[in-house]
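A.B. asks: Structure provided below as structure tokens; questions to follow.
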Amino acid sequence: MSLNLDAEDDFCLEENRFKQYCAEFIKHSQQIGDGWEWKSIKDFPDGYMSKTHFQMKNGNTPSIFKDSTKESDEQTLTRVEEALDDSQVAGICATSEVIRYEYHVLYSSSYQVPVLYFRACFLDGRPLTLDEIWEGVHECYRARLQEGPWDTITQQEHPLLGQPFFVLHPCRTNEFMAPVLANSRRENRNINYITSWLSIVGPVVGLNLPLSYAKLVSEQNTKAD
């Protein structure tokens, strides 16, 4: 069941609610095979949501990678190698330019909001540069975001893994989420913060949510009525 934000709370997200929203989100992801999972770090109390996604540089998902969300990266690549010979694999790498995206959703204690970390590389292991990441941002977002690119997409160390990741800076998350949360309160509707937030920030970096996430919340509200 989606959680309801209490009227006396502000629009910041408490960490325990973040984890509850993530658990609900992952439960539906597993039901539809969307590939999201929760990962824990040894000796750390924190964890994060994670998803790996393959797509061509033009934004399409290669057919060989479809329906592979329940497999590990090693299983996926093994299946590709079994299905294609060396020349075909090389052709995919050279012609289609398949990119492996890894998305992580973490909680920011400083901003009290979720944060989207991600990294991307070609199948040969070459990581995408910041310029190449910007090339992948849809035109409808790019012009506005590039007015202050260092305030939007930056590269920094993953707080749990200690590895370089790109990150969508969370400084304006409360600003664009406040109207969403305020509207849900006015209409006395439950929402899943993670679903609403990812549906806004995800498309900026090629992460699109299936419509069933929104339908799930809608159905829950209908039942509540």
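All of the numbers you see were taken from the coordinates with simple rules; none came from a lab. The structure presented is a predicted model; accordingly, all values stated were derived computationally and were not measured. Positions of Cβ are generated from backbone atoms using ideal geometry, with glycine treated the same way; all protein chains shown enter the neighbour counts.
A.B. asks: Along the Cα→Cβ direction, 7 angstrom out, place labels at Glu37 and Asn188. What is the inter-label distance in nm?
C.D. replies: 4.2 nm
A.B. asks: Let me ask something else. Would you kindly state how much longer the chain becomes between Gln156 and Asn16 on full extension, computed as 0.36 nm times their sequence separation minus their alpha carbon distance, in nm to one decimal?
C.D. replies: Between Gln156 and Asn16, full extension yields 47.9 nm more.
A.B. asks: Taking R0 as 30 Å, what's the FRET efficiency between Val180 and Thr129 from their Cβ-Cβ distance, rounded to 0.05?
C.D. replies: 0.35
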